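Asker: A single structure is presented below for examination.
The values are calculated or read from the model by the stated rules, or taken from the named source; none is laboratory data. All values reported here derive from a predicted model rather than from experimental measurement. Neighbour counts are summed over all protein chains in view; Cβ atoms, including those assigned to glycine, are modelled from backbone coordinates with ideal geometry. Side chains are part of the model used for accessible areas, which takes the heavy atoms of the whole protein and leaves out ligands, DNA and RNA. Shrake-Rupley method; radii C 1.70, N 1.55, O 1.52, S 1.80 Å.
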Amino acid sequence: MSVVSLQLGQCGNQIGHELFSVISDDSGGPNRKQYKQCSDERFFHETSAGELVARSVLVDMEPKVISRAIAKASKSGRWRYGDGAHFSQKQGSGNNWANGFCVHGPRHEEAVEDLVRMEMERCDRLAGIFTMMSVAGGTGSGVGTYITQRLRDLYPNSFILNQVTWPYEAGEVIVQNYNSVLTLSHLYQLSDAILVHENDTVHKICSRLMNIKHISISDVNKVIAHQLASVLQPAYTADSPCHYSTNPIGELLTSLVCHPEYKLLSLCNIPQMSSTSLAYSVFNWPGLLKHLRQMLIASARMEEGIDWTVSAPLAVTSAGESATNSRHKSFNLSLANLLILRGKDVSTAVTDGFKDPALYVPWLKPENSFSTWTSPVAFNGYEKSATLVSNSQSLLKPLDNIVRKAWNMFASRAYVHQYTKFGISEEDFLDSFTALEQIISSYTHL
């Protein structure tokens, strides 16, 4: 089954190019014929000349980033984007969600829908739609949200997974929190799940783990692409233990999204380090899984700086307190977790630590809350690699920060006129705040 990707805005197009590059490089190693066949069918279609063409549509309101992505893909000699599988204009959305959602989206919907439909018609079987976008700007967030809305109307029975990148907390755009609130509140009604990357976290990974001195946007995007590919590349699952899964998005959503009120997914991956350090490093499954479990419990996104004092509560304490009352203030409670293990001796990895009922909400059975995917194939240069996709409370704090900052601006009506002139009313803002406050409340009171 195949995945149709949409690269939306500058951020989405840059991450999308890096993602297809990682997938292509990872699949091209020795002794992985079946793995490559499954990966190629999932993400590429093959021309009569034997060229691999990405199953992707590129959308931006400015042509520069798309042109660069197309040129770099063709230059690689391993894969390319489809002829005409892109749409751009000469004028951007000015970092304004309303401009993208109310103006550019409706104006260009037919052209984009035609491109998506043509890509879908090339698939023998569709696994789902995967979009990549930022929540901070105008095109990725505004046009991306509008396109997601149209796709949900046109393909009501297809899975839609939105990967979104949250902005640096220190600020990239003065109205980034408005754009984020409007994007997330709308996507929550449309998408089957929202997979979140935070720029601040990825930047720290580049600095502290990859030892990059002068971090570029490309460095950040490479880390995000590595993490995404570690989830999307072929693996054996509970539904297909003897052959690579054919429905990655469907099985991901089945494993992690048990209720439409809870759709926020976070992702962490270990190890991640510079190629220089990797050459001198040796990893074992017990060590990797011990660190990954503590990262989950303490809501840490990377293995450096984990708080080892946080522990899972006992079901009932000696004083008779409930687990809820005895939790460490930093304990991260989960609804569901998906552990993806790739590499040497993967069959020997013991994952019992992730099956502890104390990690999960009491109203779900632990056996329904934890899933494992495996592949004996080494991933992207790492002999052993472990990825955890989690539906938990880990995104509560950054989400609450975004909503709080946006509300503080809205309370003084700062920049609201820049949105109302494109058709977004103050009531629309209030509806979005209400929706996100409900999400925050739902996750807080798990």
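Asker: Against the condition at pLDDT 90 or above and open to solvent by 50 Å² or more (accessible area, probe 1.4 Å), how does I217 come out, does it pass?
Answerer: yes
Asker: Exactly one condition in (1) modelled with pLDDT of 95 or more; (2) assigned to a helix (DSSP H, G or I) is false for G142; which is it?
Answerer: (1)
Asker: A follow-up question, please. Filter segment 338-369 down to the residues that are closer than 19 Å to H291 by Cβ, free of Cβ contacts under 8 Å to residues at least 60 places away in the same chain and open to solvent by less than 20 Å² (accessible area, probe 1.4 Å) and list them by number.
Answerer: L339, L341, G343, listed by residue number.
Asker: Quick check on Q14: is it polar (S, T, N, Q), touching a helix residue (DSSP H, G or I) at 6+ places or on another chain (Cβ under 7 Å), open to solvent by 20 Å² or more (accessible area, probe 1.4 Å) and touching a residue at least 24 places away in the same chain (Cβ under 8 Å)?
Answerer: So Q14 fits the description; yes.
Asker: Please count how many residues of segment 232-242 are open to solvent by 10 Å² or more (accessible area, probe 1.4 Å) and either under 20 Å from M295 (Cβ atoms) or without any contact (Cβ under 8 Å) to a residue 60 or more places away in the chain (or both).
Answerer: So the answer is 3.
Asker: Next question. Could you say whether any residue in segment 415-422 is touching a helix residue (DSSP H, G or I) at 6+ places or on another chain (Cβ under 9 Å) and within 25 Å of D200 (Cβ to Cβ)?
Answerer: yes
Asker: A follow-up question, please. Mind listing whichever residues of segment 114-146 are among the small types (G, A, S) and in contact with a strand residue (DSSP E or B) (Cβ under 9 Å, 6 or more places away or on another chain)?
Answerer: A127, G128, S134, A136, G140, S141, G144
Asker: Of all residues being in a strand (DSSP E or B) and in contact with a helix residue (DSSP H, G or I) (Cβ under 6 Å, 6 or more places away or on another chain) in segment 361-378, which is farthest from S255 (Cα to Cα)? Just the residue, please.
Answerer: T374
Asker: Could you figure out which of (1) modelled with pLDDT under 95; (2) more than 30 Å from V346 (Cβ to Cβ) isn't true of I439?
Answerer: The single condition I439 does not satisfy is (1).
Asker: Would you confirm, using the coordinates I've provided, whether S24 is of a type in the set (G, A, S) and surrounded by fewer than 21 Cβ atoms within 10 Å (Cβ to Cβ)?
Answerer: So S24 fails the test.
Asker: Is segment 408-415 home to any residue that is open to solvent by less than 40 Å² (accessible area, probe 1.4 Å), without any contact (Cβ under 8 Å) to a residue 40 or more places away in the chain and not in a strand (DSSP E or B)?
Answerer: yes
Asker: Another question, then. Where the second residue is of a type in the set (F, W, Y) and assigned to a loop (DSSP other than H, G, I, E, B) and the first is closer than 17 Å to S425 by Cα and open to solvent by 10 Å² or more (accessible area, probe 1.4 Å) and lies in segment 158-182, which pairs have Cβ atoms under 8 Å and are six or more apart or on separate chains?
Answerer: Once the first residue is closer than 17 Å to S425 by Cα and open to solvent by 10 Å² or more (accessible area, probe 1.4 Å) and sits in segment 158-182, its partners that are of a type in the set (F, W, Y) and assigned to a loop (DSSP other than H, G, I, E, B) give V175/Y415.
Asker: Mind listing whichever residues of segment 65-100 are acidic (D, E) and open to solvent by less than 70 Å² (accessible area, probe 1.4 Å)?
Answerer: If the condition is that a residue be acidic (D, E) and open to solvent by less than 70 Å² (accessible area, probe 1.4 Å), then no residue fits.
Asker: Report yes if some residue within segment 328-337 is among the aromatic types (F, W, Y) and modelled with pLDDT under 90; otherwise report no.
Answerer: Taking every residue of segment 328-337 in turn, none turns out to be among the aromatic types (F, W, Y) and modelled with pLDDT under 90.
Asker: Moving on to the next point. Here are C206, C242: which of them is of a type in the set (A, V, I, L, M, F, W, C), outside any helix (DSSP H, G or I) and closer than 27 Å to V377 by Cβ?
Answerer: Just one listed residue meets the conditions, C242.
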